[in-house]
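Have a look at the structure below before the remarks.
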Amino acid sequence: MDSLIVEFESELEETGYRLRNSRLSDYGFPDFEESLEIYQFLKLDSPVSEGRPLPPALQEETAKGGSPFYLAPQNEGPFFSSILSRMKDPHEQDRLKQEITALCNKAIVAEAIDLSNIAAMERVVKKVYHTLNLGLQYLSKDDEIKAFEILRSQPVQRLFRYGVSTTLLLRRKAESILKGPWFSNDPENLVLLDPPHFEKFEGMLRRRPALYRDWNYEDFKSPQDLKEADDFLESIETVVHFLGDELKVSPLYLKEMDLSSCTPEDWREITLSTIFLTSVSNQILHGTFQFEAIGQGQVKDYLTRVFERNAQGKGVIKMEVKNGLRDWSYSIEGEELKRQHLLAFRDFCFDLFEVQYGKIPPGEEVDPRFVKGLLIRK
């Protein structure tokens, strides 16, 4: 009897699933497996045919038309929308409207959006336009004439997959860094990244990579967004390589340190900026660039050496300190791009340091419990 009940429930679920898919299909929504195809990786060097327009949509398909709901947010992908608006042939317009509608339906199903959630559907439709924008700009290299021919000759879904693939390449690069010798393929080690670097890196590791900007995750919308993300990953790779080679510091090294008399006491509260700033403090105090906790009694002396006061009385890093580190970075790194990444990281760390320590009055004792940026021995 129990087995019959289980089989009956299973049959009911299967019947319900088929009926639901059938109803969705009547409204142009494909099944889940078919919808996932739009997120499959497409080699970016795959040949692209141009100059031969696709055949017009079938009469019964064009009769359905394109949903105004899906066609409304065209300004979300300005380059794609600009080229789309130049299509004057009615057959071309019908084909594109139909393909955009079909693509949006697939995206909604693939993202498992409840059809009653209008706001979520709007977000997915905007994402479709952002991704189409990426795909068309990538293929055309911002050449509007070429973009027009590509839009006439390529299925919209293929353009979308090109756009998706540009973001998946970023995810592969982020995964490669995570699997590298410094992070050792341990996601827990990512906590060593400073905010917002941690959030940016996490966003690129997502199944659907996202760009973290201004405290929010958003879609990649343009090649400039892709370049920003790629530059960020290059900078992280450069910095961790520098920390490993020059300072011999790694997550494993931090985990094995005795931090019982230090602030912070947990290796997870140490960030890349803490490693760098503490090493700078040892360079200035002791003449050796190394990651080792400094004594609490030395902090006041250190601040006197590195800070000068601006017009508002806030402590800012002396230019001679910045220049000294710049010259040193040039001596250890031969590649210009990597030097620039190291200098940008230096500035990022110094900005954090000024926020944490710049408002402390000169000569005042520092309580390490209320500031960040240095590994301090009590």
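The values are calculated or read from the model by the stated rules, or taken from the named source; none is laboratory data. In this text, all values refer to a predicted model and were calculated from it rather than measured experimentally. Ideal geometry is used to build each Cβ from the backbone, glycine not excepted, and the neighbour counts take in all protein chains shown.
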Worksheet item: Of the residues in the stretch 299-327, how many are outside any loop (DSSP other than H, G, I, E, B), surrounded by fewer than 17 Cβ atoms within 10 Å (Cβ to Cβ) and not hydrophobic (A, V, I, L, M, F, W, C)?
Response: 12
Item to complete: Could you list all residues from the stretch 342-377 that are in a loop (DSSP other than H, G, I, E, B) and either under 16 Å from Asp194 (Cβ atoms) or outside the structural domain of Lys322 (by TED's automatic domain parsing) (or both)?
Response: Val371, Lys372, Gly373, Leu374, Leu375
Fill in: The listed residue being basic (Lys, Arg) and in contact with an Asp or Glu (Cβ under 6 Å, 6 or more places away or on another chain), out of Arg339, Arg346, Arg369
Arg339
Practice prompt. Collect the residues in the stretch 358-378 that are touching a residue at least 12 places away in the same chain (Cβ under 8 Å), more than 33 Å from the chain's Cα centre (by Cα) and surrounded by 10 or more Cβ atoms within 10 Å (Cβ to Cβ), keeping them in residue-number order.
Written response: Ile360, Pro362, Val366, Arg377, Lys378
Fill in: Conditions (1) crowded, with 20+ Cβ neighbours inside 10 Å; (2) in a helix (DSSP H, G or I): number failed by Gln157
(1)
Discussion item. Every residue in the stretch 117-154 that is more than 13 Å from Ser82 (Cα to Cα), surrounded by fewer than 15 Cβ atoms within 10 Å (Cβ to Cβ) and of a type in the set (Val, Ile, Thr), please.
Written reply: Ile118
Item to complete: Could you please find all residues in the stretch 89-116 being surrounded by 16 or more Cβ atoms within 10 Å (Cβ to Cβ) and over 22 Å from Glu37 (Cβ atoms)?
Response: Glu92, Gln93, Asp94
Response to the item:
Among helices (runs of 4 or more DSSP H) entirely within the stretch 4-119, at least 3 residues that are modelled with pLDDT of 90 or more occur in 32-35, 78-84, 90-110
Worksheet item: How many residues are touching a Cys at 6+ places or on another chain (Cβ under 8 Å) and among the β-branched types (Val, Ile, Thr) if we restrict to the stretch 249-275?
Response: 0
